[in-house]
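Below is one structure, written out as structure tokens, with a few remarks after it.
The values are calculated or read from the model by the stated rules, or taken from the named source; none is laboratory data. From a predicted model like this one, the values you see are computed outputs, not experimental measurements. Ideal geometry is used to build each Cβ from the backbone, glycine not excepted, and the neighbour counts take in all protein chains shown. Surface areas here come from the heavy atoms of the whole protein model, side chains and all, with no ligands, DNA or RNA. Shrake-Rupley method; radii C 1.70, N 1.55, O 1.52, S 1.80 Å.
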Amino acid sequence: ASQETNVYKDSLVRLNRLQDNSFEEEKSEIKLIAPYDIKLDNVHFRYENGSREILKGINLDISSGDKLAILGRSGSGKSTLANLIRGDRVATEGAITINGIDVSKVGDQISNYIGVIHQTPYLFNTTILNNLRIGNEEATIEQVWQVLERVGLKNMVKALPQGLETMVDEAGMRFSGGERHRMALARILLKDAPIIILDEPTVGLDPLTEQEVISIFNRELKDKTLIWITHHLQGVEAMDQVIFIEDGTIEMQGSPDYLRKTNERYQKLKAIDEGR
Ligand code: ATP
Ligand code: MG
């Protein structure tokens, strides 16, 4: 949940006030203007307490509307990279910019530009309505139903005796994995940020539900810049660009079509993934 604290503007502002005197700085709003082009320039990263350099010089351009898949072994630094792109962590060397502005300087405002869906989307112990409005406090009931319809949850919520006022229990366990992911998507859609990071958003779902969730994500996020971290190749064909991170660098890069035709390793991975 702490990774989603960015949505709590007020509490964050209060925290900032307590933490240091950067409050004034946070107040000065940075306004980015569409189209949003993301640039990673020789990005290196090492955790303060870590001996290993996790990323060792990542260069990457993500243009507005691009669909990028990031693949790599567990521990290769995919989530770390996502946190860097959101400015939640700062590169130890190199820079990450959106339209030339360092993401780490955007502060709380970043949630207006970049939305994230994590592996296990967190639902809070409050009503369904509140859980969705976390994305956008001003969303009308009508808008809430609209997004529920888009993610295929409208009928399910309608059928609940208390509808939108149904309480979500701790960690949202009354919802299935697939429902929780759709809920997270509904929240993101209400917020309507132009750039969306999906960090292994379908882990733990059965293959059919996974397929379904992926196609809903692709359909509903088609107008946005999409950065999709995934551990396997299913659904990757729908992306414009695929990168593989290994040993801290980009080991393979290209369109799925290009990699399929030219890259032996990609072909092997694809064969494994398809169980051939
Ligand atoms: P997965 O596919 O399992 O999610 P990943 O590619 O997302 O893996 P990261 O979570 O980015 O990998 O982690 C990269 C490396 O950084 C790992 O070796 C991990 O142990 C280490 N690491 C992650 N978070 C921290 C942290 N807060 N402090 C120190 N090391 C960390
Ligand atoms: Mg990860």
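For this structure, a couple of remarks:
- Inter-label distance for residue 237 and residue 95, nm, one decimal - labels placed 7 Å from Cα along Cα-to-Cβ: 4.0
- Using distinct alpha-carbon pairs, which all enter the 1/r mean, Kirkwood radius of the chain in Å: 19.7
- Debye-sum result for the stretch 46-202 in log10 I(q)/I(0), which assumes one identical scatterer on each alpha carbon, at q = 0.12, 0.20 Å⁻¹: -0.61, -1.26
- Among 203-214, 240-251, 80-91, the peptide with the highest mean count of other Cβ atoms within 10 Å heads the list, and the full ranking is 80-91, 240-251, 203-214.
- Accessible surface of the chain, 1.4 Å probe, proportion on carbon and sulfur as whole %: 48
- For the listed residue pairs 67/261; 67/191; 105/268; 31/78; 105/191; 191/270, the alpha carbons are over 30 angstrom apart in 105/268; 191/270.
- Solvent-accessible area per residue in the chain equals 50 Å², computed with a 1.4 angstrom probe and all protein chains kept.
- Using a Förster distance of 35 Å, the FRET efficiency for residue 44-residue 146 (Cβ separation, nearest 0.05): 0.25
- Residue 272 versus residue 130: modelled label distance in nm, points set 7 Å from Cα along the beta carbon direction: 4.5
- Two-site label geometry, residue 261 and residue 211: point separation in nm, points 7 Å out along Cα→Cβ: 2.7
- Cα gyration tensor category, rounded, prolate or oblate, for the stretch 39-123 with a/c compared to 1.5: rounded
- Within the same chain, aspartates and glutamates fewer than 8 places from residue 158 are excluded, and of the rest, those with a Cα less than 19 Å from its Cα are 142, 149, 169, 179.
- Rounded to 0.05, the FRET efficiency of the residue 158 and residue 122 pair, given R0 = 25 Å and the Cβ-Cβ distance, is 0.60.
- Shape of the stretch 71-120, Cα gyration tensor, a/c cut at 1.5: oblate
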